[in-house]
Amino acid sequence: MKKVLVSASHFDTLCVEAWKLFEAQGIGVIFDAKKPFPAYTTEEIENCPEREDIAAVLIGMDDYRDERKYRALPGLKAVAKFGVGVDNIDGEMAKRYGVKVLNTPGQNANAVAELAVAFILNLLRRVLPLHQDMEKGEWKRCVGGELRGKTIGLLGFGAVARLVARKLQGFDVTVLAFDLFPDEEMAKRLNVRLTTQEEVISKSDVVSIHIPATPRTYHFFDRDRIAAMKDGACLVNTARGALVDLEALTEALLSGKLAGAALDAFEEEPLPADASILKCENRILTPHTGSETKEAYYNVSMAAARDIIRVLQGQEPEHCVNE
């Protein structure tokens, strides 16, 4: 029996319909709910007693840039990402082994967009610090800022960024966006002004990052780009941790160059307990939870399952990123 190895969390509780879909097609599911973080090391793959039956893997942040994994899975036909970003998968390496790399664009976009908007509102009104003071029995009030009248800059204008723009329409803000492949019609529909990367960074009160992590965008927000931001601006990252130089961001927050930052992704995950960003007070940090909603789990798991089934049945998948 062909089997799919699943290392995406909550698959047994929030992805039951996708599990049933596999079984209905005669595909077995290997999933260990007891793993504290459902990810399989290369050694675990090599020692898996069912490895020769594994025809597909459905992964979260497992590292599929290690060639030993492909060698250990001789029947592998598909590596499917439970989400969008495939920076933890070597697409060219997979292609050499005849393996298709799949993802699920748009399926968790709304969840990530809602978190980005929540970050923006929380940063401006300093909700988290006020809450933490209240928990300590302290009655400290502070003057925040309103979203109305602000300029929000979207670096990237893909599915998530467009939903952010749509959700911001009722807040009376100016929305700027930069994208390498700009969609003029969509921008006009969402009342977004497409402009240069430089203007998005330098003119926005809040910059929200929505670009992929690639070698060219590594530490995209370094000291120079942060220095180019508006004094007192805020930075929001619900994309990939490697896009932001945490040391440079820490310096900007401690110096007061930036008024705040909200991050959902980090270059090293879990975030180390001695990470410099923890020295700052004006930041919000969440553990890569942008797509952690019941609705997103359902949407992503079903889209991934359907594409895996297509591949295993010799059909073309809807979303393949290494063709």
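Just so it is clear, none of the values below were taken in a lab; they were calculated from the coordinates. On a predicted model such as this, the values are computed, not experimentally measured, just so you know. Virtual Cβ from ideal backbone geometry, glycine too; neighbours counted across all protein chains shown.
A simple charge model with +1 on the Cβ of Lys and Arg, -1 on the Cβ of Asp and Glu and nothing else charged puts the dipole of region 14-100 at about 220 debye relative to its Cα centre. Within a Cβ distance under 13 Å of Asp87, other residues only, what is the Lys/Arg minus Asp/Glu net charge? With Lys, Arg at +1 and Asp, Glu at -1, the net is -1.
The slack in the chain from Met1 to Glu92, taken as 0.36 nm per residue of separation less the alpha-carbon distance, amounts to 30.0 nm. Of the chymotrypsin sites (Phe, Trp or Tyr not before Pro) in region 195-248, the ones in a loop by DSSP (not H, G, I, E or B) with at most 15 other beta carbons within 10 Å are Tyr218.
Sorted largest first, the principal axis extents computed over the alpha-carbon atoms of region 154-239 equal 34, 28, 21 Å. With R₀ set to 51 Å, the beta-carbon distance separating Gln25 from Cys142 gives a calculated FRET efficiency near 0.35. If you plug the beta carbon distance of Ala273 and Arg65 into 1/(1 + (r/R0)^6) with R0 = 30 Å, you get a FRET efficiency near 0.70. Net charge near Asp274: determine it from the other residues with C-beta under 13 Å of the C-beta of Asp274, scoring Lys and Arg +1 and Asp and Glu -1. Cβ neighbours under 13 Å give a net charge of -1.
At 25 °C and a viscosity of 0.890 mPa s, what translational diffusion coefficient does Stokes-Einstein give for region 4-53, taking Rh as the Kirkwood radius over Cα pairs? Give it in µm²/s as a whole number.
It diffuses with D of about 210 µm²/s by this estimate.
Out of the GluC sites (Glu not before Pro) in region 198-285, which ones are loop residues according to DSSP with at most 14 other C-beta atoms within 10 Å?
Loop-located and lightly packed - Glu268, Glu281.
Under the membrane-span-like helix rule (DSSP H runs whose alpha carbons stretch at least 15 Å along the helix axis, mean Kyte-Doolittle hydropathy 1.6 or higher), the chain yields none.
Over the C-alpha trace of region 111-162, radius of gyration and Dmax come out as 14.1, 43 angstrom.
May I ask for the Rg/Rh ratio of region 79-199, computed from Cα atoms with Rh as the Kirkwood radius, given to two decimals?
Radius of gyration relative to Kirkwood radius: 1.11.
Remark: for residue pairs Lys3/Lys69; Lys20/Lys294; Lys35/Lys77; Lys150/Lys203, the C-alpha separation exceeds 19 Å in Lys35/Lys77.
Projected over all directions and averaged, the alpha-carbon convex hull of the chain occupies 17.8 nm².
Electrostatic bookkeeping for Glu67 treats Lys and Arg as +1 and Asp and Glu as -1; over the other residues with beta carbon under 13 Å from its beta carbon, the sum is +1. Converting the Cα gyration tensor eigenvalues of region 53-126 into ellipsoid dimensions via √(5λ) gives semi-axes, longest first, of 34, 11, 9 Å. For region 1-145, just list the percent of Cα-Cα distances falling in each 10 Å bin from zero outward, please. With 10 Å bins starting at 0, P(r) equals 10, 32, 25, 14, 12, 6, 0.
Using all pairs of distinct alpha-carbon atoms, the Kirkwood hydrodynamic radius of region 127-271 works out to 16.0 angstrom.
Within region 109-160, list the chymotrypsin sites (Phe, Trp or Tyr not before Pro) lying in a DSSP loop whose Cβ has at most 13 other Cβ atoms in a 10 Å radius.
Numbers: sites: Phe119, Trp139, Phe157; in loops: Trp139, Phe157.
Qualifying residues, ordered by number: Trp139.
Give, as ranges by residue number, the residues of region 270-303 whose backbone N falls under 20 Å from the point 7 Å along Cα→Cβ of Asp183. Residues 291, 296, 299-300, 303 qualify, since their backbone N sits under 20 Å from the label point.
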